[in-house]
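Chemist: Supplied in structure tokens, the structure appears directly below.
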Amino acid sequence: MNLELGKKSNEILVLRKENDLKEMDLKRKNAILWLFIVVFAFSLAFSGLVFSRFRQNEAANKVLKELNNKIINQNHTLEKINSELEEANREKVKIMSIIAHELRNPIFWFQNLVEVLSEKYESMPPEYIRKSLSVLDESAKNAFHLMDNLLHWSRSRLNSVNPKIGPHSLERLVTESIKMYQTIIQQKEIKLLVNVSDKFMANVDPDLFACVVRNLISNAIKYTPYHGNIEINCKEQSTEIVICISDTGIGIREKDMENLFHPDLNLSVSGLMNEKGSGFGLKLCKEFTELNGGKIWVSSQTGSGTSFEFTVPKI
């Protein structure tokens, strides 16, 4: 009986030890599990923090990149503006230089004639006074024409020409444009024929058109000898009207033909009465004709005259 009790006691002790071992193993496993959970949670939190910082850095880098691109674009814009300002300053210096150079000669002769007339008109023969006044009138018109060209040219160079396109009578525009040349035409006894129908209506800026006609007429007079002929003709095409201004003057040398409208070359040939030119009148003609939606070209033969033709959109 005692042996059995001892045996049972031993079995109970063994079971208790086994239970203790199992509890200890369970606790160890629980501890390991909690440690894993804590480590996992910490890792997850750390990863979240790293990811958040990464996203923040990425967003910051994106903002910095955008700012850098903006700064680069602003720098390019500033460089472009500086370049344009430098070009504008060069153009202004060039404009002022040309204005001073071109106006000096006609103003000098204008001043000289006025001075002679004001001081000596009482002792001058009437015929001499009449001729002097005629020359004075022509000098004033030439100075006005030059100033008009310089004004248009300077505005075009500074990109401040804004065409005001509208319907206009070609006959009226041409007639108004050639009025200022009647005196010199009479002096040189040039026969001027104007064949422009009052039915022709063009869609143009009248100031730009008049500038083109004045320059071409001025050139025709300048290079046409006494008793020569100048004709202004128009012909209608499907969508445009062609205006032709031809003369019986000295013509243009073949080597000069291709440079007449060159934007960077100033081709200036003295007239038959030693009239001086600036060389940019024909450039204005080309630029203003194109602003009016047309084109211009020239045909000439040395000693046989010149024909300038340009187009305008018709109504």
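Chemist: Just to be sure before I move on: is Leu208 in the same structural domain as Ser304 (by TED's automatic domain parsing) and part of a loop (DSSP other than H, G, I, E, B) in the structure I sent?
Modeler: No.
Chemist: Related question: Residues Gln111, Gln186: which one is modelled with pLDDT of 80 or more, part of a helix (DSSP H, G or I) and surrounded by 11 or more Cβ atoms within 10 Å (Cβ to Cβ)?
Modeler: On the way: Gln111 fails: modelled with pLDDT of 80 or more.
After applying the criteria, what remains is Gln186.
Chemist: Can I ask one more? Quick check on this structure: which one of Arg214, Arg157 is at pLDDT below 90 and not assigned by TED's automatic domain parsing to the domain that holds Phe288?
Modeler: It is Arg157.
Chemist: In segment 287-309, which residues are closer than 21 Å to Asp207 by Cβ, in a strand (DSSP E or B) and free of Cβ contacts under 8 Å to residues at least 24 places away in the same chain?
Modeler: none
Chemist: Can you pull out every residue in segment 294-312 that is farther than 16 Å from Val242 by Cβ and not β-branched (Val, Ile, Thr)?
Modeler: Ser300, Gln301, Gly303, Ser304, Gly305
Chemist: Within the bounds of segment 250-261, is there any residue that is surrounded by 20 or more Cβ atoms within 10 Å (Cβ to Cβ) and in a strand (DSSP E or B)?
Modeler: Looking through segment 250-261, none of the residues is surrounded by 20 or more Cβ atoms within 10 Å (Cβ to Cβ) and in a strand (DSSP E or B).
Chemist: Residue under question is Val135, and the condition is that it be among the β-branched types (Val, Ile, Thr), at pLDDT below 75 and under 22 Å from Asn229 (Cα atoms); does it hold?
Modeler: Details: among the β-branched types (Val, Ile, Thr): yes; at pLDDT below 75: yes; under 22 Å from Asn229 (Cα atoms): yes.
Spelling it out, Val135 is indeed among the β-branched types (Val, Ile, Thr), at pLDDT below 75 and under 22 Å from Asn229 (Cα atoms).
Chemist: Could you check, for segment 218-233, whether at least one of its residues is surrounded by fewer than 17 Cβ atoms within 10 Å (Cβ to Cβ), among the charged types (D, E, K, R), more than 30 Å from Glu86 (Cα to Cα) and in the same structural domain as Gln301 (by TED's automatic domain parsing)?
Modeler: no
Chemist: Out of segment 211-251, which residues are free of Cβ contacts under 8 Å to residues at least 12 places away in the same chain and in contact with a strand residue (DSSP E or B) (Cβ under 6 Å, 6 or more places away or on another chain)?
Modeler: Once the filter is applied, which keeps residues that are free of Cβ contacts under 8 Å to residues at least 12 places away in the same chain and in contact with a strand residue (DSSP E or B) (Cβ under 6 Å, 6 or more places away or on another chain), segment 211-251 yields only Lys235.
The values are calculated or read from the model by the stated rules, or taken from the named source; none is laboratory data. Note that the coordinates shown come from a computational prediction; the quantities given were computed from them, not determined experimentally. FYI the Cβ positions are ideal-geometry reconstructions off the backbone, even for glycines, and counts take in every protein chain you see.
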